[in-house]
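Working notes, structure below.
The values are calculated or read from the model by the stated rules, or taken from the named source; none is laboratory data. Just so we're clear, the structure is a prediction, and the values are computed from it rather than from any experiment. Every residue, glycine among them, receives a Cβ derived from its backbone with ideal geometry; neighbour counts consider all protein chains shown. Calculation scope for accessible area: heavy atoms of the full protein, side chains included, ligands and nucleic acids excluded. Shrake-Rupley method; radii C 1.70, N 1.55, O 1.52, S 1.80 Å.
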Amino acid sequence: MEFLRFENTNFSREWQLNTRGKLFTISTPQVMGIVNCTPDSFYKHSRKSDLDDQRLLIDLHVKNGATWLDLGGYSTRPGAEHISEKDEIERIKSALAYALETYPEIKLSVDTFQAEVANYALEQGAHLINDISGGLIDSDLFSVVAAFQVPYVLMHMRGTPQNMSDLNHYENILWETIYELGVQKEKAIQAGIKDIIIDPGFGFAKNSEQNLQLFSKMEAFHLFDCPILVGISRKSMIYKTLGIGAEDSLNGTTVLNTLALEKGASILRVHDVKEAAETVKLWGKTRK
């Protein structure tokens with residue numbers, strides 16, 4: 001249909017988010033640094049179970065230009081082991097406390113789909129909840145986010161990390177992804193969530209070819225009139241396509257992040273903050 005043909009891919013829209021009562025403006029693309037407080041995330045060099053390692057990574061991300069930190073205690077790689085809310089909280093609590101105390105100017109996101117974990121993180125002072133399930137796994141999550149009035153990343157996924165790889169059957173991946181996100185967005189709004197960030201969910205219930213097909217049409221997600229978060233850092237859509245490993249996928253990540261900026265991404269969620277921040281800076285210079 002014609003309305004999916006977007007011509008303007010420049011970053012020309014400011015977004016304002018209410019982060020715990022303070023207005024936060026996204027006037028240029030942002031970099032969100034990944035802090036995996038896990039022993040089993042897909043990219044082995046990002047696994048930081050030890051608090052000292054977590055602190056060093058947080059320090060490095062901030063030094064290298066991260067505007068956001070995204071702390072996660074539950075690996076969401078395909079087939080990941082399920083852990084309880086209690087265990088997830090235990091994994092993130094020290095890193096969360098350190099980041100909040102040491103870098104009060106940095107916005108803290110917590111990557112969780114479990115309401116109890118979100119409630120804990122928000123009580124401690126986190127600024128955003130990044131939910132890979134878009135509210136489908138834990139229906140109580142919407143009400144928790146609404147109660148704290150913080151922004152919410154609504155990502156597209158089907159199923160759970162344990163079974164999502166079996167749920168990647170689409171007649172039209174763009175239309176179905178948009179429709180399913182739209183249903184959940186409406187539920188989030190009805191629950192009282194005011195600030196929603198859309199994540200197409202690259203790598204979740206989608207194979208490499210489907211991810212690239214969806215990425216090629218990413219402009220269509222501006223239909224939601226929300227900031228767009230893109231998380232493709234070192235994912236299999238890069239390394240499987242190139243026939244390499246995740247550890248060799250930084251160059252491919254940078255290429256796709258640049259294209260994502262051209263397509264209007266507001267936030268890049270990455271393992272490698274320095275390279276992403278440089279990408280944003282250089283891309284921005286070409287827009288002036």
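Report yes if GLU180 is buried (at least 17 other Cβ atoms within 10 Å of the Cβ) and among the acidic types (Asp, Glu), otherwise no.
Numbers: buried (at least 17 other Cβ atoms within 10 Å of the Cβ): yes; among the acidic types (Asp, Glu): yes.
The answer is yes for GLU180.
For segment 119-159, what are the residues that are of a type in the set (Val, Ile, Thr) and more than 20 Å from THR76 (Cα to Cα)? Spell out how you get there, then give the answer.
Residues of segment 119-159 that are of a type in the set (Val, Ile, Thr), as a first pass: 129, 132, 137, 144-145, 150, 153.
Within segment 119-159, VAL144, VAL145, VAL150 qualify.
I'm trying to understand the selection: among the residues of segment 68-105, which are among the polar types (S, T, N, Q) and either more than 25 Å from ALA277 (Cα to Cα) or assigned to a loop (DSSP other than H, G, I, E, B) (or both)? Before you say what the answer is, go through the steps one by one.
Let us first name the residues in segment 68-105 that are among the polar types (S, T, N, Q), namely 75-76, 84, 94, 102.
Matches in segment 68-105: SER75, THR76, SER84, SER94.
Anything in segment 210-254 that is among the β-branched types (Val, Ile, Thr) and either under 12 Å from PRO200 (Cβ atoms) or open to solvent by less than 10 Å² (accessible area, probe 1.4 Å) (or both)? List them, or say none. Spell out how you get there, then give the answer.
Within segment 210-254, the first condition is being among the β-branched types (Val, Ile, Thr), and the residues that meet it are 228, 230, 232, 238, 241, 244, 253-254.
Within segment 210-254, ILE228, VAL230, ILE232, ILE238, THR253 qualify.
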Going through segment 91-115 one residue at a time, which ones are acidic (Asp, Glu) and more than 20 Å from ILE132 (Cα to Cα)?
-> GLU101, GLU105
Residue check: is ALA66 modelled with pLDDT of 95 or more, open to solvent by less than 50 Å² (accessible area, probe 1.4 Å), under 29 Å from THR254 (Cβ atoms) and of a type in the set (Gly, Ala, Ser)?
-> yes
Residue ID - nearest to ASP195 (Cα to Cα), chosen from residues in segment 210-247 that are modelled with pLDDT of 95 or more and among the acidic types (Asp, Glu) | ASP225
Failed condition for SER143, given (1) touching a strand residue (DSSP E or B) at 6+ places or on another chain (Cβ under 7 Å); (2) among the hydroxyl-bearing types (Ser, Thr, Tyr); (3) open to solvent by 50 Å² or more (accessible area, probe 1.4 Å), with all others met?
-> (1)
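Collect the residues in segment 255-275 that are of a type in the set (Val, Ile, Thr) and under 16 Å from THR286 (Cα atoms), keeping them in residue-number order. It would help to see each step written out before you state the result.
At the first step, the residues of segment 255-275 found to be of a type in the set (Val, Ile, Thr) are 255, 258, 267, 270, 273.
Residues satisfying the conditions are VAL255, THR258.
Select from segment 219-256 the residues that are among the polar types (S, T, N, Q) and part of a helix (DSSP H, G or I) and write down the one among them that is nearest to ASN168 (Cα to Cα). Before you say what the answer is, go through the steps one by one.
Of the residues in segment 219-256, the ones among the polar types (S, T, N, Q) are 233, 236, 241, 249, 251, 253-254.
Remaining after also requiring part of a helix (DSSP H, G or I): 236, 241, 251, 253-254.
Working: SER236: 15, THR241: 18, ASN251: 27, THR253: 23, THR254: 26 Å.
Once the filter is applied, the top-ranked residue is SER236.
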Does ALA260 meet the test of being within 19 Å of ALA66 (Cα to Cα) and either open to solvent by 20 Å² or more (accessible area, probe 1.4 Å) or part of a helix (DSSP H, G or I) (or both)?
-> yes
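Could you go through segment 265-273 and let me know if any residue there is surrounded by fewer than 21 Cβ atoms within 10 Å (Cβ to Cβ) and in a helix (DSSP H, G or I). Break it down stepwise before answering.
Keep residues of segment 265-273 that are surrounded by fewer than 21 Cβ atoms within 10 Å (Cβ to Cβ), which gives none.
There is no residue in segment 265-273 that is surrounded by fewer than 21 Cβ atoms within 10 Å (Cβ to Cβ) and in a helix (DSSP H, G or I).
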Can you run down the residue pairs with Cβ atoms below 7 Å, 6 or more apart or on separate chains, where the first is in segment 260-288 and closer than 17 Å to ILE198 by Cβ and the partner is of a type in the set (Gly, Ala, Ser)?
-> LEU268/ALA260; LEU268/ALA276; ARG269/GLY231; ARG269/SER233
Lone qualifier among GLU90, GLU123, GLU101 - being in contact with a helix residue (DSSP H, G or I) (Cβ under 9 Å, 6 or more places away or on another chain), among the acidic types (Asp, Glu) and open to solvent by 20 Å² or more (accessible area, probe 1.4 Å) = GLU123
